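Chemist: Let me begin by handing over the structure; questions about it come next.
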Amino acid sequence: MSKPKAKAESGGDEAELPDGGWGWVLVAALFISTSLVFGLMRSLGIFFVEFVQYFEESAQAISWISSTGLAAQQFFSPLGAALCNAYNARLVVMVGGFLAGFGLILASQATSLVHLYLTMGLISGLGWGLVFTPMVATVMANFTRRRTLALGVAFSSIGLSSFAFNPLFQLLVETYAWRGALLILGGLSLNIIPCGALIRPQQQRPKPKVVSVKTTSCAALLQRVFSYLELSLLLERPYLTYTLGVTLFNVGYFVPYFHLVAHSRQVGFSEYEAAFVMSAAGATDILGRVTSGWFSDLGYFRLIHLMSLWTALAGVFIMLLPVSSLSGSYAALMVISLLYGFCSGALTSLVFAVVPKIVGVQRMMGALGLLQLIESGAGLLGGPLSGLLRDVTGNYTASFVVAGSFLILGTLTMATLPHFFSCTDPPQRCSQNDKDACSHPELHQMNSIPSDTMVQ
Amino acid sequence: MMLVWTVSVMLLSCWRADASTGPKITSEPIVVNNQTSAVLSCNLTDPLPVKGSHWIYNGKVIEDSVSTDSNPYTILRLEKITHTNAGKYECVFQTEPVSKQTIEVKTLPHVAAYKHSEHGNEKDKGVMVCVSHGYPLPTDWNWFKEEEGNHAPIINNTGLKFEIKNTPNKTILTINDLNIQDDIGNYICSGTNEIGSNSDKIYLRVRSRLAALWPFLGIVAEVIVLVTIIFIYERRRKPDEVNDGSAPLKSNSTTNHKDKNVRQRN
């Protein structure tokens, strides 16, 4: 029955699969929570100016606050995923939202820089980690055919919100001073709690077989933790390949965000021209996310192929960025930046959507958590590496070329995934119990219906 | 007679040899004090061969002033003197050895505040900064508070209410333990150099500590209301869907999958 197209779910069962309805409410919830997590993180720069003046510290010491926050969010992602597997996603997201807001509220009372690291960095970061991965996984579980579109729409919130939050935060800081502004931001972050409340409680994932009745022995506990964290994924080649590919993407992906403005200024364009290039790239980024989401779900191509296309293109355009500006033409720089923005937005929608194709919907939660953790290292590496290249060579050409090549390298790594070159999605791994699960993988995993009633 | 003349010539040449290290230049004016425009001129009084001349401002050569003629006289016009072009000007003649003379162009200090409106929280500290550009940099900084038209001087008592930190080009006033009644108002920073003084004004706003509390409580109330609504809505729908526990799916086709015991994951 396998159709040549990617939407391999059989016709008669399509109506049973969750797609839309309450799912769109969850997309709205994800939209709001993502903007309150990443949009907020990206706009914290407004506060840093205030912190530098108030605490009389260097800009580098202050920038560690957001680095700590981001690192904590990514580091605690597997924890969030594991807790969702152990309890339920609704509780985890609500707790995460509370922690995120609580961290910011405490930060408003900070009297030293260390307080800020601990509150805005660690506590809020922990909260953000408990929010993001579970919400993304929940939304993905609620869609099958329109999954990528849902993700694209939800992730467009990052660009839109960082656009809206910058002037908003500036206004808050001027009206209430930074302490009052942080207090209000903490309150705003608490809005993640109702977003989490919208998650309907779902069927518990079957507890792992190895644990029989209540046993408190260390080995049993460890085995449960192992299964909740989905650490078994680390032993699987497809997942590892995919994670490696995404990690390589991350090394190069952020480089233009850090350095494009500086590079434009260095080539000779004015402040406003450079800033406008960034804004234009941001706008096409948002467009790219939604468009790619919509297009991918049409089903003409496999998600993995589309993702490889966008990442390869993004890599090429990053490498072309310095070439275009070497010619001194502002139009060339603008065009390449627009194209780069579109491709980088397009690939973000797909990176998460491909995961269930590789590991299956049931293990998606843990897979996403681990993926976030592993790719965090790449983000930490990419920025300083490109800065180093710039210091050594004197301009940004080398940094951009290296960044683009990392993206292309990641694409090539993806090509080593099993079944990459086939036109249909690979058959899912059979889960532990039912052999019939192999015939309708996603349907089975989501409904967990007794399989004898399955139709081909 | 011949001997006397020879000796006096030798003495004269010796005297000339250990005169000043370079040829004499007369500059006009010697120093420019607080003028709106000026013409700086240098006249090489020693009849030495001149290969060219130029002017230097603050250590950098002024491109337009470079000339290669052998005129022992050079002028530089300053049409408008502001703090941006005040400083040390040097006229340089390309002779053996090179001869140069410095003319100082001095103006009033240009005093500007970083931000003309500052804010701080009650019981917290407020920081106000003024910077200065120009030449010469202020030797003295003073802060005043404007009260009923008078300028009340602020005294530096480090650690208590007021702290003033001064460097030649920047002054920082820190007020500790802000009080809403007393500390709101205009503050004036004044920088003084040998020519005179200049000042700028900063308005300090003190926010009550509780000012941000009301919007915050409003948002928390909104969050609680939303969560309550969501939970109540769900509780009311629960009895309707004893089987599924979820929103109805789009399908209306009765397939043979639907079983009473099935709980859909949505």
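Chemist: Just need a number here: residues in the stretch A:194-253 that are within 14 Å of chain B (Cβ to nearest Cβ) and at pLDDT below 85.
Modeler: Narrowing the stretch A:194-253 to residues within 14 Å of chain B (Cβ to nearest Cβ): A:194-206.
Imposing the further condition that a residue be at pLDDT below 85 reduces the set to A:200-206.
Count: 7.
Chemist: If you take the residues of the stretch A:315-352 that are polar (S, T, N, Q) and in a helix (DSSP H, G or I), which of them is surrounded by the most Cβ atoms within 10 Å (Cβ to Cβ)?
Modeler: Within the stretch A:315-352, the first condition is being polar (S, T, N, Q), and the residues that meet it are A:324-325, A:327, A:329, A:337, A:344, A:348-349.
Okay, now just the ones that are also in a helix (DSSP H, G or I), so A:324-325, A:337, A:344, A:348-349.
Working: A:324: 19, A:325: 26, A:337: 27, A:344: 28, A:348: 26, A:349: 32.
Applying the filter and picking the extreme gives A:349.
Chemist: Let me ask something else about it. Looking at A:80, A:101, A:69, can you tell me which residue is at pLDDT below 90 and farther than 19 Å from residue A:138 by Cα?
Modeler: Just one listed residue meets the conditions, A:69.
Chemist: Then there's this: Could you list, in sequence order, the residues of the stretch B:162-205 that are surrounded by fewer than 17 Cβ atoms within 10 Å (Cβ to Cβ) and among the hydroxyl-bearing types (Ser, Thr, Tyr)?
Modeler: B:167, B:197, B:203
Chemist: Evaluate the following for residue A:267: is it assigned by TED's automatic domain parsing to the domain that holds residue A:252, over 18 Å from residue A:238 (Cα atoms) and either touching a Phe, Trp or Tyr at 6+ places or on another chain (Cβ under 8 Å) or touching a residue at least 40 places away in the same chain (Cβ under 8 Å) (or both)? Give the derivation first.
Modeler: Numbers: assigned by TED's automatic domain parsing to the domain that holds residue A:252: yes; over 18 Å from residue A:238 (Cα atoms): yes; either touching a Phe, Trp or Tyr at 6+ places or on another chain (Cβ under 8 Å) or touching a residue at least 40 places away in the same chain (Cβ under 8 Å) (or both): yes.
Spelling it out, residue A:267 is indeed assigned by TED's automatic domain parsing to the domain that holds residue A:252, over 18 Å from residue A:238 (Cα atoms) and either touching a Phe, Trp or Tyr at 6+ places or on another chain (Cβ under 8 Å) or touching a residue at least 40 places away in the same chain (Cβ under 8 Å) (or both).
Chemist: Continuing with the same structure: If the Cβ limit is 6 Å and pairs must be 6+ apart or interchain, which residue in the stretch A:398-409 that is closer than 15 Å to residue A:244 by Cα pairs with which residue that is among the hydroxyl-bearing types (Ser, Thr, Tyr) and buried (at least 20 other Cβ atoms within 10 Å of the Cβ)?
Modeler: So the pair list comes out as A:407/A:311.
Chemist: Right, another one. Among the residues of the stretch A:1-14, is any touching an Asp or Glu at 6+ places or on another chain (Cβ under 7 Å), within 22 Å of residue A:135 (Cα to Cα) and either outside any helix (DSSP H, G or I) or modelled with pLDDT of 85 or more (or both)?
Modeler: Taking the stretch A:1-14 as the starting set, the residues that turn out to be touching an Asp or Glu at 6+ places or on another chain (Cβ under 7 Å) are A:6, A:8-9.
Checking which are within 22 Å of residue A:135 (Cα to Cα) leaves us with none.
So far as the stretch A:1-14 goes, no, none of its residues is touching an Asp or Glu at 6+ places or on another chain (Cβ under 7 Å), within 22 Å of residue A:135 (Cα to Cα) and either outside any helix (DSSP H, G or I) or modelled with pLDDT of 85 or more (or both).
Chemist: Would you check which residues across the stretch B:59-69 are surrounded by 10 or more Cβ atoms within 10 Å (Cβ to Cβ) and either out of contact with any Ser or Thr (no Cβ under 9 Å at 6 or more places or on another chain) or of a type in the set (Lys, Arg) (or both) and list them?
Modeler: If the condition is that a residue be surrounded by 10 or more Cβ atoms within 10 Å (Cβ to Cβ) and either out of contact with any Ser or Thr (no Cβ under 9 Å at 6 or more places or on another chain) or of a type in the set (Lys, Arg) (or both), then B:61, B:62 are the ones that fit.
Chemist: Residue by residue through the stretch A:285-296, note down the ones that are buried (at least 22 other Cβ atoms within 10 Å of the Cβ) and of a type outside the set (Lys, Arg). So that I can check it myself, show each step before the final result.
Modeler: Step one: filter the stretch A:285-296 for residues buried (at least 22 other Cβ atoms within 10 Å of the Cβ), giving A:285, A:288-289, A:292-293, A:296.
Passing the criteria: A:285, A:288, A:292, A:293, A:296.
Chemist: To continue, here is another question. Looking at B:195, B:224, can you tell me which residue is closer than 21 Å to residue B:109 by Cα, of a type in the set (A, V, I, L, M) and outside any strand (DSSP E or B)?
Modeler: On the way: B:224 fails: closer than 21 Å to residue B:109 by Cα.
Among B:195, B:224, only B:195 is closer than 21 Å to residue B:109 by Cα, of a type in the set (A, V, I, L, M) and outside any strand (DSSP E or B).
Chemist: For residue A:143, only one of the following conditions fails: (1) within 17 Å of residue A:67 (Cβ to Cβ); (2) not in a helix (DSSP H, G or I). What is its number?
Modeler: Evaluating residue A:143 over (1) within 17 Å of residue A:67 (Cβ to Cβ); (2) not in a helix (DSSP H, G or I) leaves (1) as the failure.
Chemist: While we're on this one: Identify all residues within the stretch A:25-64 that are aliphatic (A, V, I, L, M) and modelled with pLDDT under 80; write none if there are none.
Modeler: To start, the set of residues in the stretch A:25-64 that are aliphatic (A, V, I, L, M) comprises A:25-30, A:32, A:36-37, A:40-41, A:44, A:46, A:49, A:52, A:59, A:61-62.
Once the filter is applied, which keeps residues that are aliphatic (A, V, I, L, M) and modelled with pLDDT under 80, the stretch A:25-64 yields A:46, A:49, A:52, A:59, A:61, A:62.
Chemist: As an exercise: evaluate residue A:97 against (1) touching a residue at least 24 places away in the same chain (Cβ under 8 Å); (2) away from every other protein chain (no Cβ under 14 Å) and give the number of the one condition it does not meet.
Modeler: Every listed condition holds for residue A:97 apart from (2).
Chemist: Take the residues in the stretch B:64-78 that are hydroxyl-bearing (Ser, Thr, Tyr) and farther than 22 Å from residue B:32 by Cα; name whichever of them is farthest from the chain's Cα centre (by Cα).
Modeler: Residues of the stretch B:64-78 hydroxyl-bearing (Ser, Thr, Tyr): B:65, B:67-68, B:70, B:73-74.
If we keep only those that are farther than 22 Å from residue B:32 by Cα as well, we get B:67-68, B:70.
On the way: B:67: 35, B:68: 39, B:70: 42 Å.
The selected residue is B:70.
Chemist: So, in the stretch A:258-277, how many residues would count as being within 30 Å of residue A:374 (Cβ to Cβ) and either among the charged types (D, E, K, R) or buried (at least 16 other Cβ atoms within 10 Å of the Cβ) (or both)?
Modeler: We begin by selecting, within the stretch A:258-277, every residue within 30 Å of residue A:374 (Cβ to Cβ); these are A:258-263.
Cutting the leftovers down to either among the charged types (D, E, K, R) or buried (at least 16 other Cβ atoms within 10 Å of the Cβ) (or both) gives us A:258-261, A:263.
Adding up the residues that qualify gives 5.
Chemist: Output the number of the condition that residue A:132 fails; it satisfies all remaining conditions of (1) aromatic (Phe, Trp, Tyr); (2) facing another protein chain (nearest Cβ under 7 Å); (3) touching a residue at least 40 places away in the same chain (Cβ under 8 Å).
Modeler: (2)
The values are calculated or read from the model by the stated rules, or taken from the named source; none is laboratory data. Note that the structure is a prediction, hence the values are computed from the model and not measured. As a convention, Cβ positions derive from the backbone with ideal geometry for all residues, glycine included, and neighbour counts pool all protein chains shown.
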